[in-house]
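Written out below as structure tokens is the structure these notes cover.
The values are calculated or read from the model by the stated rules, or taken from the named source; none is laboratory data. Being a predicted model, the structure only gives us computed values, none of them experimental. Cβ placement follows ideal geometry from the backbone for every residue including glycine, while neighbour counts extend to all protein chains displayed.
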Amino acid sequence: MRVVVSEFMDTEALAGFGEEVEVVHDPGLVDDRGALIAALPGTHGLIVRNRTQVDAALLEAAPDLRVVGRLGVGLDNIDLASCKARGVKVCPATGANTLSVAEYVISTALSLLRGAYGSKATMIAGEWPRNALIGGEASGRVMGLVGYGGIARAVAERARALGMRIAAHDPFLDAGDPAWQGVENCTLPELLAGADILSLHVPLSEGTRNLIGPEAISAMKPGAIVINTARGGVIDEPALARALTEGRLGGAALDVFATEPLTAEAGKIFEGVPNLILTPHIAGVTDEGNVRVSTVTVRNVKEALADAPA
Ligand SMILES: O=C(O)[C@H](O)COP(=O)(O)O
């Protein structure tokens, strides 16, 4: 059996495959499509993060492939229909990076609400901007969650511990589900109007593309904060940048972008935009999360290879 890993992962976790599996771990393959395609014949398992495009052409070049292990949960880079048609199992690392994302959401929410942590340069320059840096508290504010799956629930638990009220919108979660206990079950317009912090936790699909567009943004509570750790395509970036610049929204943290990696060209829309935190798709990647995601993925792929017909 042979497994190819085309992006970074915790290398120690690869020992979980044991002696009988040949492992090719080359994080450079994600940026060298030709080399990746060339490595695929004779490969039974492929392990990817979010950048390797597992599309029909790649699958065509991988006649022996039986399983794709995903070092994360988003599956928008994987052509699920083509995988299904070819009998290739797709295994996300569900739950393994939940804590990393939830802590990112809470830490950016607190940073943006407080607005107090960017004063190093002015302090060193001898200024004392005490009144300018009086921020807000999380306690008593509304954490609004778009999507109420595992990661959103972990955010809710932490936000509740801070004294926040929790509201969520999730049309796929039955109204009678016990997960709604202690959470306001809202329509999207209700959530937009009531949330002080709006955090996105939906996959990117045709149904969620530009879900938070100009109309949704203008329906948001004035001064609200947006946090996107889901996928860039869920939010209209130029509309968000405008709302922040005009002061209609109070702040935003974006970890995911319509174009990734964010290029200097695509990043221009964020130039000079106030109260904006930009990070390079790291919400789900902590040291601990990376080890968990890698360990779970090796286990998933190993099990799928053992189950697959020879
Ligand atoms: O989908 C996910 O789980 C996150 O976007 C993180 O994905 P990655 O770390 O595997 O790229």
Quiz prompt | Which numbered condition residue 61 misses (of (1) within 11 Å of the ligand (Cβ to nearest atom); (2) among the hydrophobic types (A, V, I, L, M, F, W, C); (3) surrounded by fewer than 17 Cβ atoms within 10 Å (Cβ to Cβ)) | solution = (1)
Quiz item: Among (1) on the phi > 0 side of the Ramachandran plot; (2) modelled with pLDDT under 95, which single condition is residue 182 missing?
Solution: (2)
Quiz prompt | Search result, residues across region 18-41 that are away from the ligand (no atom under 13 Å from the Cβ) and touching a Lys or Arg at 6+ places or on another chain (Cβ under 6 Å) | solution = 22
Quiz item: What residue, among those in region 80-123 that are charged (D, E, K, R) and more than 16 Å from the ligand (Cβ to nearest atom), is nearest to residue 227 (Cα to Cα)?
Solution: 114
Quiz item: For residues in region 135-155 being among the hydrophobic types (A, V, I, L, M, F, W, C) and surrounded by 24 or more Cβ atoms within 10 Å (Cβ to Cβ), which is farthest from the chain's Cα centre (by Cα)?
Solution: 143
Quiz item: Is one or more of the residues making up region 294-301 surrounded by fewer than 17 Cβ atoms within 10 Å (Cβ to Cβ), assigned to a helix (DSSP H, G or I) and touching a residue at least 12 places away in the same chain (Cβ under 8 Å)?
Solution: yes
Practice problem: Among the candidates 209, 292, 299, single out the residue that is farther than 24 Å from residue 112 by Cα and within 12 Å of the ligand (Cβ to nearest atom). | Solution: 292
Quiz item: Any residue in region 224-240 that is in the same structural domain as residue 147 (by TED's automatic domain parsing) and on the phi > 0 side of the Ramachandran plot?
Solution: no
Self-check item: Residue, modelled with the lowest pLDDT, within region 1-13, restricted to residues that are closer than 22 Å to residue 37 by Cα and surrounded by 19 or more Cβ atoms within 10 Å (Cβ to Cβ)
Solution: 1
Exercise. Check region 261-274 and report whether any residue there is surrounded by 14 or more Cβ atoms within 10 Å (Cβ to Cβ), in a helix (DSSP H, G or I) and touching a Cys at 6+ places or on another chain (Cβ under 6 Å).
Key: no
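Okay, residues lined up against (1) closer than 25 Å to residue 249 by Cα; (2) not β-branched (Val, Ile, Thr):
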| position | (1), (2) |
| --- | --- |
| 108 | yes, no |
| 128 | no, yes |
| 132 | yes, yes |
| 140 | yes, yes |
| 149 | no, yes |
| 158 | yes, yes |
| 175 | no, yes |
